[in-house]
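A.B. asks: Pasting a structure below so you can have a look.
The values are calculated or read from the model by the stated rules, or taken from the named source; none is laboratory data. Computed from a predicted structure; not experimentally measured. Here the Cβ is made from the backbone with ideal geometry for all residues, glycine too, and neighbour counts use every protein chain on show. Protein only, heavy atoms only, side chains kept; ligands, DNA and RNA dropped before computing areas. Shrake-Rupley method; radii C 1.70, N 1.55, O 1.52, S 1.80 Å.
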Amino acid sequence: MAETNRLNLTGNIAAAIGVVCIVVMVSMGINFFLRANQYESDIAVIDNEAFELAYGVHGVFNEKLTKFRPTYNRRLSLGIFMFIISFAPLMFASMLFRGPSITLMMLIVLMLIIAAGIYIVSPVAAKYEAYNNILKDEPLDTVKSRRVKRAEKLAASYWPLLIAIFLGWSLWTMDWGVTWIIWPVGAVLFAALVGLMELLDKEE
């Protein structure tokens, strides 16, 4: 906005608005995390200890999970589709238009598409996981669950780091038509790292 002289914004005012927006969003994220973590002690029994459901309760929840599974698969597929195509507007804009303002606007569109995908996936994923945690009759410590936990721990640091590299590289070079390649490469590398972690675990 400042470069194209829209809304009569100077560079300093635009930067200040951007920093304030970032601080507000980070504060909102921290608030959500704190509100969610306050229930961690309440669900620790379900997550970590063996328990037995009362007579008939298992069947009720199993029926609810069966009815919910099509909704979960549908929304999960839609969210993954949005993640995959999120870079498309940015890529085509960088190929067809040379103006930096268009490219930056498409970056915002990319972030909005990703945010919409997370908004679609997160509620159904949490509900699906809750059903599975309630229906298990003993602590879930199988090979599959350990593999999932390792992948989750890796993803928690890997994807934010990849986003930081992508944004830093793109904003430094302003060559968005090339930097998008980091996403397919990063996805393949993530799968390779998960496989490597499993191989090292088997050797141990």
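A.B. asks: What does the highest-first list of 123-131, 16-24 look like by mean Cβ count within 10 Å?
C.D. replies: Numbers: 123-131: 14.9, 16-24: 10.8.
Packing order, densest peptide first, comes out as 123-131, 16-24.
A.B. asks: Considering only protein heavy atoms, with the full assembly of protein chains and a 1.4 angstrom probe, order 83, 97, 190 by accessible area, largest first.
C.D. replies: Values: 83 85, 97 110, 190 40 Å².
My answer, sorted largest first, is 97, 83, 190.
A.B. asks: Can you order the peptides 51-63, 29-41 by their average number of other Cβ atoms within 10 Å per residue, highest first?
C.D. replies: Values: 51-63: 11.1, 29-41: 9.4.
My ranking of the peptides, most packed first, is 51-63, 29-41.
A.B. asks: Full extension from residue 181 to residue 71: what is 0.36 nm times the residue separation minus their Cα-Cα distance, to one decimal in nm?
C.D. replies: This chain segment gains 36.4 nm when fully extended.
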